[in-house]
Amino acid sequence: MKSFRPYLIGFGIAVLLTIAAIRAMVWLRAHPEHDPTARFELAQPQGWATRRKLLALAQEDAACFAAFDRAGAGYERRAPMGEGMCRASQRMILTGNALVPTLAPASAAPGCAVTAAMALWTRDVVQPLAQKYFGQEVAKLENLGSYNCRKIAGRQAQSEHSTANAIDISAFVFADGTRVSLINDWDQGDRRSEFLHAVRDGSCDLFSTVLSPDYNRAHADHLHLDMALRTAGWSVCR
């Protein structure tokens, strides 16, 4: 009997591991936002796998637009622009829905993955902070554009703007017309400044890159948000 004890212990451990694995699978099925193999849905809450899924959408045009179709979100898909490293195939403009505040100028057409991230950003970061600091919603996002075939300033690497995989937000305009801008309000030390810093910090769980006026002078007037795909999935938030 003594000789069977190691086998019984091993069997017991195997059973416990199997039960744990089954419970983990059941839990993941109930919480797809944490499951990297589950497809992305705009209505899902943020989870451990959300940014990973958004990064995947930046490489998968059909899957990204399908997520907006399943959500019943109105949008116009813009024709691809550019060639090679400046090929932008995911450009889109949201229409007739409240996923993202109105963009100004409205001609900005960020890529699908960036737009998906902005939808979650609006829901989970921007509007809750707008209510916290100003008691109202953001109605408009002033921006400096999305598509621009160029290098990163001062570097040889291609900018994510080259594929419309980025957008620069310069100001937030609230329902009552109050305007909070990066260039004027970032360092004021009041609730406008606190709101902008809180938005920056809250953006870091969704976007691959978040660059603010704290980063360098080139970003003194805007928040740069993008879905850059990097080795090992590391992100930048400054």
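Report, in debye and to the nearest 20, how large the dipole of the chain comes out about its Cα centre when Lys and Arg carry +1 and Asp and Glu carry -1 on their Cβ.
Numbers: 26 positive and 23 negative charges, 184 e Å.
That gives a dipole near 880 debye.
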Residue-ordered couplings for the stretch 146-152, obtained by feeding phi - 60° into the Karplus form 6.51 cos²θ - 1.76 cosθ + 1.60 and rounding to whole Hz (Gly and Pro as x), are 10, 9, 6, 6, 7, 7, 5
Considering amide H positions built from the backbone, and no H for Pro or chain starts, which residues 5 or more places from Tyr75, or on another chain, come under 5 Å of its amide H?
-> Thr95
Could you pull out the trypsin sites (Lys or Arg not before Pro) across the stretch 137-228 that fall in loop regions by DSSP (anything but H, G, I, E, B) with no more than 12 other Cβ atoms inside 10 Å?
-> Arg150, Arg155
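I need Glu142, Glu194, Glu41 ordered by Cβ neighbour count within 10 Å, fewest first.
On the way: Glu142 21, Glu194 15, Glu41 12.
Sorted ascending by nearby Cβ count, the order is Glu41, Glu194, Glu142.
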Just from its helices, what would the mean residue ellipticity at 222 nm be for the chain, if runs of 4 or more DSSP H residues each count -39500 (n - 2.57) and the sum is divided by every residue, rounded to the nearest 500 deg cm²/dmol?
-> -10000 deg cm²/dmol
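Any read-out appearing in this document is the output of simple, stated calculations on the displayed coordinates, not a laboratory observation. Every value quoted in this text rests on a predicted model; they were computed, and no experiment measured them. Methodologically, a virtual Cβ is constructed for each residue, glycine included, from the backbone with ideal geometry; neighbour enumeration extends over all protein chains shown.
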